[in-house]
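The structure appears right after this line, and notes come after that.
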Amino acid sequence: QLQFVESGGGLVQPGGSLRLSCPASGFLFDYYTIGWFRQAPGQEHEGVSCISSSKNTYYSDSVKGRFTIFRDNEKNTVYLQMNSLNPEDTAVYYCASDWSATAQAMCVGRYDDWGQGTQVTVSS
């Protein structure tokens, strides 16, 4: 599996935007499906958006139309552009990788190897 260092989180007002970055270390980045997950206080990790090696994407219903995932294979990095943020988006955001899953399968799957994550707080 790849290792990630998530960044780009912060405090933002409702309606605001953030772009999260997830550079990866490891080999064969291009071949992995990469996903963004989040964990709100007292809740389990939730798949937010995932992107396959062929750049097929999946979004959870809660973020569809507001978030965009994209990857730059030259930089071994996946990004999550988050617009129209609301307080329900407050969570720690993490990246994960999967060698064989489709984007949808990854986002509804369960993973347990998490990095430090990046905190996103949406509040006025």
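The values are calculated or read from the model by the stated rules, or taken from the named source; none is laboratory data. Computed from a prediction, not measured in an experiment: that's the story for all the values here. Backbone-built Cβ (ideal geometry, glycine too); neighbour counts: all protein chains shown. Note: areas computed on protein heavy atoms with side chains; ligands, DNA, RNA excluded. Shrake-Rupley method; radii C 1.70, N 1.55, O 1.52, S 1.80 Å.
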(Q) Using square roots of five times the C-alpha gyration tensor eigenvalues, list the equivalent-ellipsoid semi-axes of the chain in whole Å, biggest first. (A) 22, 14, 14
Q: Calculate, in nm to one decimal, what VAL5 and SER84 gain on full extension: separation in residues at 0.36 nm each, minus their alpha carbon distance.
A: 26.0 nm
Q) How high is the relative contact order of the range 4-74, in percent, with contacts defined as C-alpha pairs under 8 Å that are six or more residues apart? A) 20
Q) Taking all protein chains as present, what is the carbon and sulfur share of the accessible area of the chain, in % to the nearest whole number, probe 1.4 Å? A) 46
Q) If the label point is 7 Å along Cα→Cβ of SER17, which residues in the range 41-77 have backbone nitrogen under 19 Å from it? A) 49, 63-72
(Q) Using a 1.4 angstrom probe on the protein heavy atoms only, could you order THR121, THR102 from most to least accessible area? (A) THR102, THR121
(Q) Using 0.36 nm times the number of residues separating TRP114 and PHE70, minus their current alpha carbon distance, what extension gain do you get? (A) 13.8 nm
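Longest segment of the chain with no trypsin sites (Lys or Arg not before Pro) in a DSSP loop having at most 10 other Cβ atoms within 10 Å? It would help to have the intermediate numbers written out before the result.
Working: sites that count: LYS64, ARG110.
Longest gap between qualifying sites, sites excluded: 1-63.
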Q: Over the range 1-108, give the accessible area per residue in Å² for a 1.4 Å probe, as an integer.
A: 49
**Q.** Under Karplus coefficients 6.51, -1.76 and 1.60, residue-wise ³J(HN,Hα) of the range 21-30 in Hz, glycine/proline x
**A.** 10, 9, x, 10, 10, x, 9, 6, 3, 4
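Given 37 °C and 0.692 mPa s, how large is the Stokes-Einstein diffusion coefficient of the range 84-124 in µm²/s, with Rh as the Kirkwood radius over Cα pairs?
272
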Q: Treating only the Cβ atoms of Lys and Arg (+1) and Asp and Glu (-1) as charged, compute the dipole magnitude of the chain about its Cα centre; round to the nearest 20 debye.
A: 280
Q: Starting from the residue with the highest accessible area, list VAL108, VAL122 in decreasing order, probe 1.4 Å.
A: VAL108, VAL122
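Looking at the range 5-55, which GluC sites (Glu not before Pro) are in a loop (DSSP not H, G, I, E or B) and have at most 10 other Cβ atoms within 10 Å?
GLU44
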Q | Listed residue (TRP99, PHE37, VAL78) projecting farthest to the positive dipole end of the chain, Cβ model | A | VAL78
Q) Gap in Å between the Cα centre of the range 12-44 and the Cα centre of the range 49-90? A) 7
